[in-house]
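Peer 1: Can you read through this structure? Questions will come right after.
The values are calculated or read from the model by the stated rules, or taken from the named source; none is laboratory data. These numbers come from a predicted model, not from an experiment. Neighbour counts run over all protein chains shown; Cβ positions are idealised from the backbone, glycine included.
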Amino acid sequence: AFYEVTNVSAPAIVERNATLEATANATNWGVVAGDNRNVSLRLTDPENASDTRTLDDANVSLDSGDAASVTLNGTVPDAFGAGVTTLSVASPDDEAAAEVRVAAAVGTVNGTVTDEATGATLADVDVVVRNGTEVVGETATDARGAYAVDVPAADLNVTASNATYAP
């Protein structure tokens, strides 16, 4: 059995001491069934790259050629620092990773982008949230010009831009 891990999905930001849920696909590319293979959720401390902890494990059994979506949940250690880090989902054979931001507290920045002259709402506008010069959140407005992005709770700067917009 050879368990490949792909398509890791996790939130962009999570609080320390909160539940972190990640999903990934596991595929057995081996020629034999793989019974009770361990798939793990791991998170690295943003302030200490040598501190990677396993937050959750799941036993997965797949016949040759079969695939399954695996959901893992674990608590982000309270002792972890804040910042961007690596989350990984790993089998004994393979590993896939995603970026996640760990924060002391998480808030949501939301609003609506409108044309200053006409008041019309604007779709597909890029919204960037910065803490100083560091980008801590990004999204785009929806069809109604609305946006919402989870970010670390702090004093932040929000900018909206669209290079192709002409009123």
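Peer 1: Please go through (1) farther than 30 Å from A140 by Cβ; (2) assigned to a loop (DSSP other than H, G, I, E, B); (3) touching a Pro at 6+ places or on another chain (Cβ under 9 Å); (4) not charged (D, E, K, R) for N38 and return the number of the only condition it doesn't satisfy.
Peer 2: Answer for N38: the failing condition is (2).
Peer 1: Take the residues in the range 105-127 that are under 30 Å from T19 (Cα atoms) and among the aliphatic types (A, V, I, L, M), then tell me which one is surrounded by the fewest Cβ atoms within 10 Å (Cβ to Cβ).
Peer 2: A105
Peer 1: Now a separate question. Does T6 count as of a type in the set (V, I, T), within 30 Å of A153 (Cβ to Cβ) and either within 16 Å of the chain's Cα centre (by Cα) or surrounded by fewer than 18 Cβ atoms within 10 Å (Cβ to Cβ) (or both)?
Peer 2: Criteria not met by T6.
Peer 1: Let me ask something additional. Just for the range 150-161: of the residues that are surrounded by 15 or more Cβ atoms within 10 Å (Cβ to Cβ) and free of Cβ contacts under 8 Å to residues at least 60 places away in the same chain, which one is farthest from V84 (Cα to Cα)? Break it down stepwise before answering.
Peer 2: We begin by selecting, within the range 150-161, every residue surrounded by 15 or more Cβ atoms within 10 Å (Cβ to Cβ); these are 150-152, 156, 158, 160.
Within this subset, residues satisfying the condition of being free of Cβ contacts under 8 Å to residues at least 60 places away in the same chain are 156, 158, 160.
Working: L156: 17, V158: 19, A160: 23 Å.
Ranking the candidates gives A160 first.
Peer 1: For the subset of the range 128-138 comprising residues that are surrounded by fewer than 14 Cβ atoms within 10 Å (Cβ to Cβ) and not charged (D, E, K, R), which member is nearest to E15 (Cα to Cα)?
Peer 2: The qualifying residue nearest to E15 (Cα to Cα) is V135.
Peer 1: Let me ask another. If D115 meets every condition in (1) modelled with pLDDT of 95 or more; (2) of a type outside the set (S, T, Y); (3) over 13 Å from A26 (Cα atoms); (4) touching a Leu at 6+ places or on another chain (Cβ under 8 Å) apart from one, which number is that one?
Peer 2: (1)
Peer 1: Checking T141 against (1) buried (at least 18 other Cβ atoms within 10 Å of the Cβ); (2) hydroxyl-bearing (S, T, Y); (3) touching a Lys or Arg at 6+ places or on another chain (Cβ under 8 Å), which test does it fail?
Peer 2: Condition not satisfied by T141: (3).
Yes/no per residue for (1) over 17 Å from N17 (Cα atoms); (2) outside the structural domain of D155 (by TED's automatic domain parsing); (3) small (G, A, S):
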{"position": "L55", "(1), (2), (3)": "no, yes, no"}
{"position": "A58", "(1), (2), (3)": "yes, yes, yes"}
{"position": "T71", "(1), (2), (3)": "yes, yes, no"}
{"position": "G74", "(1), (2), (3)": "no, yes, yes"}
{"position": "A79", "(1), (2), (3)": "no, yes, yes"}
{"position": "A96", "(1), (2), (3)": "yes, yes, yes"}
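Peer 1: Among the residues that make up the range 57-69, is at least one of them modelled with pLDDT of 95 or more, more than 17 Å from V5 (Cα to Cα) and either surrounded by 15 or more Cβ atoms within 10 Å (Cβ to Cβ) or more than 17 Å from the chain's Cα centre (by Cα) (or both)?
Peer 2: no
Peer 1: Applying the selection to the range 1-53, what residues are in contact (Cβ under 8 Å) with a residue 40 or more places away in the chain and farther than 16 Å from A90 by Cβ? Let's see the steps before the verdict.
Peer 2: Looking only at the range 1-53, we keep the residues that are in contact (Cβ under 8 Å) with a residue 40 or more places away in the chain, and these are 1-27, 37-46.
Scanning the range 1-53 gives P11, A12, I13, V14, E15, R16, N17, A18, T19, E21, D45, P46.
Peer 1: Which count do you get for residues in the range 3-25 that are over 24 Å from A148 (Cα atoms) and touching a Gly at 6+ places or on another chain (Cβ under 9 Å)?
Peer 2: Total meeting the criteria: 1.
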